[in-house]
1. Any chance you could count how many residues in the stretch 19-46 are under 15 Å from residue 2 (Cβ atoms), at pLDDT below 95 and touching a helix residue (DSSP H, G or I) at 6+ places or on another chain (Cβ under 9 Å)?
2. Checking the condition modelled with pLDDT of 90 or more, under 29 Å from residue 81 (Cβ atoms) and surrounded by 13 or more Cβ atoms within 10 Å (Cβ to Cβ), which residue from 111, 104 passes?
3. Give the stretch 120-147 a look and list any residue that's in a helix (DSSP H, G or I) and in contact with a helix residue (DSSP H, G or I) (Cβ under 9 Å, 6 or more places away or on another chain), or say none.
4. All but one of (1) within 17 Å of the chain's Cα centre (by Cα); (2) loosely packed, with under 11 Cβ neighbours inside 10 Å; (3) modelled with pLDDT of 95 or more hold for residue 75; state the number of the condition that does not hold.
5. In the set 22, 89, 13, 57, which member is over 28 Å from the mean Cα position of the chain (by Cα) and surrounded by 13 or more Cβ atoms within 10 Å (Cβ to Cβ)?
6. Residue by residue through the stretch 12-26, note down the ones that are touching a strand residue (DSSP E or B) at 6+ places or on another chain (Cβ under 7 Å) and in contact (Cβ under 8 Å) with a residue 12 or more places away in the chain.
């Protein structure tokens, strides 16, 4: 007999879909793996204490294995990815995949200056500090600049006008060096 009916879901499944149990019929548990895992997840959700206590006890009894596993987790980059995933979800309510899509849609560059991000520093998620609405992804410098101007568009326009006005001062100084004189009108 190569198939068995699950006691819980009633589906007929191959014996490989059941966990081994020497005392059970056909040497397997009566519930399929899917139903066993669902039952275990429900028990844990209703009362996570015993599983957490078992984990704490094992960790206390095996500190060298815990340290080795944690070091491996950090070394292979999974810890950094996990931290980034948690940060994006907690701070902005987006997934790492949504961030990657945003980055791809804006060509992998800062939405303001068009520079590519530093390989070690990702672009910042720019958002409205009042509503929390996400705008685009911007580099550290552009994010700092927006913050320095209090995200005030009028101040940013005034700063741009100031730079444009004094851009001509540089040209006037350069012309004066070669004997040309410009008069303000």
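The values are calculated or read from the model by the stated rules, or taken from the named source; none is laboratory data. Since we're looking at a predicted model, the values are computed, not measured. Positions of Cβ are backbone-derived with ideal geometry, glycine not excepted, and every protein chain shown enters the neighbour counts.
1. Number of matching residues: 3.
2. After applying the criteria, what remains is 111.
3. Of the residues in the stretch 120-147, the ones in a helix (DSSP H, G or I) are 140-147.
The answer is 145, 146.
4. The failed condition is (1).
5. On the way: 22 fails: surrounded by 13 or more Cβ atoms within 10 Å (Cβ to Cβ); 89 fails: over 28 Å from the mean Cα position of the chain (by Cα); 57 fails: surrounded by 13 or more Cβ atoms within 10 Å (Cβ to Cβ).
Just one listed residue meets the conditions, 13.
6. Listed by number, the residues that qualify are 13, 14, 15, 17, 18, 19, 26.
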